[in-house]
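Here is the structure we will look at, set down as structure tokens.
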Amino acid sequence: MRVMNHPVLGEQKDIEWVTIIFNGKPMKAEKGEMILAALHAENQIVNRYTAKRHEPRGIYCGIGQCTDCMMVVNGIPNVRTCITPVEDGMTVEIQEGLGKWRGDK
Ligand code: FES
């Protein structure tokens, strides 16, 4: 889902890539982009599941105001991924409820 050749801005060149670990699997991301953008580029649109009804949530505001994009990042729950840039080697996991990692089941 990345725009590598934009009709106005031209071809994307000299991209620096980093590797993040999403739910235990390596995934490439563009250095400096937000975690949420990297996940969307790989068609990953669910960031967390609600505590009461176990409903999936993904991007809503995209500017750090709604908390729908919260995930577990480097073991820390409730990180707003739309305003958190990727770092090489960081772990990102889908958040269950108020902060339990899905892999803990
Ligand atoms: S999408 Fe709303 S806080 Fe991230």
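Laboratory data are not the source of any read-out in this text; all were calculated from the coordinates shown. Just so it is clear, the model here is predicted, and its values are computed rather than measured. In this analysis, Cβ positions are derived from the backbone assuming ideal geometry, glycine residues included, and neighbour counts consider all displayed protein chains.
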> Looking at this structure, is Thr67 over 24 Å from Arg2 (Cβ atoms) and either aliphatic (A, V, I, L, M) or within 13 Å of the chain's Cα centre (by Cα) (or both)?
Replying inline: yes
> Restricting region 10-32 to residues that are of a type in the set (Asp, Glu) and surrounded by fewer than 16 Cβ atoms within 10 Å (Cβ to Cβ), which is nearest to Asn74 (Cα to Cα)?
Replying inline: Glu16
> Taking Val86 and the conditions (1) surrounded by 20 or more Cβ atoms within 10 Å (Cβ to Cβ); (2) without any contact (Cβ under 8 Å) to a residue 40 or more places away in the chain; (3) farther than 10 Å from Asn47 by Cα, which numbered condition does it fall short on, given that it satisfies the others?
Replying inline: (2)
> Can you spot a residue in region 85-105 that is assigned to a loop (DSSP other than H, G, I, E, B) and among the aromatic types (Phe, Trp, Tyr)?
Replying inline: no
> Trp17 passes all but one of (1) without any contact (Cβ under 8 Å) to a residue 12 or more places away in the chain; (2) away from the ligand (no atom under 16 Å from the Cβ); which number fails?
Replying inline: (1)
>> more than 21 Å from Met1 (Cα to Cα) and surrounded by 13 or more Cβ atoms within 10 Å (Cβ to Cβ): is that true of Val92 in this structure?
In response: no
> Within region 20-51, how many residues are in contact (Cβ under 8 Å) with a residue 24 or more places away in the chain and in a loop (DSSP other than H, G, I, E, B)?
Replying inline: 11
> Does region 47-59 hold any residues that are of a type outside the set (Lys, Arg), surrounded by 12 or more Cβ atoms within 10 Å (Cβ to Cβ) and more than 9 Å from the ligand (Cβ to nearest atom), and which are they?
Replying inline: Tyr49, Thr50, Ala51, Pro56
> If we keep just the residues of region 60-80 that are farther than 16 Å from Thr50 by Cβ and part of a loop (DSSP other than H, G, I, E, B), which is farthest from the ligand (Cβ to nearest atom)?
Replying inline: Gly75
> Taking region 44-90, which residues are small (Gly, Ala, Ser) and over 21 Å from Val18 (Cα atoms)?
Replying inline: Ala51, Gly58, Gly62, Gly64
